[in-house]
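No lab work stands behind these numbers, since they all come straight from the coordinates. The structure displayed is predicted, hence computed values, not measured ones. Neighbour counts run over all protein chains shown; Cβ positions are idealised from the backbone, glycine included.
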Amino acid sequence: MVVIKHLQEYWRAYLLNAIFVCLLLTTHTYAYADEAVSTGEFRLLGDGGGAARLVATDVEVSVSGLLARVIVRQRFENTASDWREGEYVFPLPPESAVDFMAVTIGERRIIGKIREREAARQAYEAAKQAGRKASLISQQRPNLFTSRVANVGPGESIEVELQYLETLEYDHGAYGKRRFSLRVPTTLTPRYIPGQLLAHPDQTRQVDTGSGWARPTDLVPDAPAVTPSMVESGEAATLNFRATIKPGFTLDRIASLHHPAQIAPRALAYEVRLKDGARLDRDVVLEWEPSLGEAPLAAALHEVKGGDDYFLLVLMPPRNVATAATAALPRESIFVIDTSGSMAGEPIEQAKSALLSGLKHLRPGDRFNIVEFNSHTRPLWSAARAADGYNLNEAAIFIRSLHADGGTEMRPALEFAFRQRQDRGFVRQVVFITDGSVADEAELFSLIERESGNSRLFTVGIGSAPNSHFMQKAAEAGRGSFTFIGSQEQVERAMVDLFYKLKNPLMTNIRIDLGAGSAEVFPARIPDLYAGEPLTLALRSDGMPPGQVTITGERNGMPFSQQLSLDDASLSTDISKLWARRKLRDLYDQERNAHSSGEQQSAALKDEITQLALAHQLMSTYTSFIATEETVSRPADSPLLAQAIPNALPAGSAMGIPVPAGALGLNGKYLIGLTALLVLLLMHWRHKEVDA
């Protein structure tokens with residue numbers, strides 16, 4: 001009897017420890033801890049309920065040629081009887097140049113100014129404590145920004161306006177169609193927070209504390225700044241959207257890919273309005289095709305500012321670039337598919353359809369493999385196999401069995417794909433199908449650059465709101481290209497376009513010859529290009545501007561050359577801002593590479609980024625927009641309260657509301673914890689029965 005009691009005590013202690021471990025696991029920050037964030041979605045911080053509401057969201061787009069100016073206005077009301085501080089989170093395109101902010105409170109309009117980030121934060125805190133109205137907007141990622149508004153009075157309304165500039169996407173499809181497109185993000189897929197918890201977060205990296213529930217990790221030290229609460233997409237705010245498109249030529253087709261829209265031709269322009277009922281739960285994507293023969297093969301825009309000449313150049317490669325030698329080269333295609341929890345619902349079905357479509361494009365003599373990943377990596381085979389009927393059938397069965405659950409551990413999957421033995425005579429191409437819902441982008445970019453070797457990485461963005469910053473930069477780091485699939489109807493066309501690029505030779509060793517002129521050109525390292533992709537360059541000349549630019553490179557070992565005269569470049573505005581934004585991107589890469597190699601943060605790089613952004617009045621890693629009133633609004637005896645309004649999940653997502661979870665997945669851990677609890681209760685009941 002004594003032995004039995006000792007065994008029972010031992011098992012009870014063991015199970016209590018097991019339950020404790022399970023509870024720890026379920027609160028670990030290896031979770032989806034980002035935001036599906038409606039553009040400018042307002043949320044008041046802290047406690048309280050429902051006192052603030054979104055009244056209107058308006059997006060106005062003006063497209064002229066290759067440039068788009070986007071204005072986002074959102075108006076909110078404080079229906080409470082007390083004073084509030086609020087925060088809202090919004091996504092923007094990763095290449096956008098954010099250059100204007102204004103806040104209107106009642107009849108007062110406060111124009112924001114760009115200041116050094118820490119100085120802006122201190123100015124905001126001082127104004128908040130003094131009772132003066134203030135707003136602070138900071139960049140967390142190239143495509144993710146946060147804003148805070150202080151001292152919002154009872155019954156007051158607020159309108160926050162942001163403006164940004166960007167260039168259009170422009171490429172050839174597989175069927176010879178030249179397409180212009182514009183993507184306006186309105187929500188973000190929840191991001192996964194990997195890494196080990198930091199006991200003492202590194203404040204030297206200027207990490208925002210943020211109001212999110214996730215704690216900082218070694219891979220995502222700013223996790224609290226990118227983890228607000230969320231609700232189902234049906235609760236997303238409505239969107240009023242209007243675009244005026246002046247392409248400079250007639251169009252065969254113009255469409256809104258994800259929203260019903262009214263499209264009307266105007267004098268030398270087209271007007272697009274989303275129909276009533278549009279919500280901030282999916283990206284707005286507009287696409288248009290020029291009439292045959294009307295699309296330019298090259299374009300040059302020019303601005304003179306501060307005594308310097310700025311140019312934006314867009315050059316399209318020749319339509320027919322394939323050669324018999326390249327067409328005959330067999331490919332080794334490694335398909336990597338994301339089956340993590342954020343892919344649940346429509347995204348996983350789109351991904352599976354894309355993968356099945358990809359198998360149809362394999363040719364006899366090709367080899368392939370499939371790598372599934374979530375919290376764990378699971379390849380179909382240990383090595384690539386021949387694309388024959390038997391293996392293709394086995395792969396199709398494997399694909400149809402996939403389902404979405406767990407975390408987003410990308411690193412092991414990418415390492416497996418890149419480290420496979422590569423035989424001579426095969427072109428290795430990694431097709432990475434994911435929503436990009438990760439917060440440790442910088443670490444993954446460095447991994448891709450370091451490990452990809454002779455492989456090329458092609459990213460396929462899935463879902464109504466993929467992380468476009470990750471998709472674009474990952475493809476660039478892997479010397480490939482990126483494709484977006486926003487709905488089931490777009491799968492086949494997108495995969496046809498992708499494999500058109502995969503089958504055609506890439507252009508490498510691309511160089512810029514400015515003749516007798518000299519200029520600072522970005523991107524400084526020109527990436528490889530694929531059939532139908534444009535080459536876009538931004539350059540600044542502080543001396544004699546070059547009269548002609550010559551692009552040279554190699555295509556399947558053969559020389560390639562294209563010239564563009566700058567003498568006839570069209571005069572434009574804001575080209576200097578686009579040049580500065582591209583230089584900032586290059587400086588960010590230098591910082592990332594220095595950090596990944598273990599070097600200390602360069603004070604010189606930080607200062608260069610800060611001064612460049614200040615000179616061109618742009619948001620950056622080290623500059624923020626700050627707007628403050630001079631007069632005091634909130635009486636000294638009135639407390640400043642805070643309240644949180646959650647953001648909405650993207651449309652089509654079935655992942656549920658993200659909460660902290662570990663590698664087993666939240667449901668799995670709850671099941672383990674519940675099982676352990678039931679066993680403990682059974683042991684306790686048996687112990688009482690024996691004692692009796």
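Annotations
- Residues 579, 381, sorted so that the one with the fewest Cβ neighbours within 10 Å comes first: 381, 579
- Pairwise Cα separations in segment 129-191 fall into 10 Å bins from 0 onward with the following percentages, short to long: 13, 32, 26, 17, 8, 4, 0.
- Per residue convex hull volume, Cα atoms of segment 324-503, in Å³: 100 Å³
- Each other residue within a Cβ distance under 12 Å of residue 522 adds +1 if Lys or Arg and -1 if Asp or Glu, for a net charge of +2.
- When 450, 191, 456 are sorted by how many other C-beta atoms sit within 10 angstrom of their C-beta, beginning with the fewest, the order is 450, 456, 191.
- Straightening the chain between residue 520 and residue 636 buys 36.5 nm, computed as 0.36 nm per residue apart minus the Cα-Cα spacing.
- Label-point separation in nm, residue 548 to residue 450, each point 7 Å along Cα→Cβ: 4.5 nm
- Added length on full extension, which subtracts the Cα-Cα distance from 0.36 nm per residue, residue 62 to residue 513: 159.0 nm
- With a Förster radius of 60 Å applied to the beta-carbon distance between residue 305 and residue 400, the computed FRET efficiency rounds to 0.60.
- For segment 324-503, lysine pairs separated by 8 or more sequence positions, or belonging to different chains, with Cα-Cα distances below 18 Å total 4.
- Cβ-Cβ FRET estimate between residue 571 and residue 614, R0 fixed at 45 Å, reported to 0.05: 0.95
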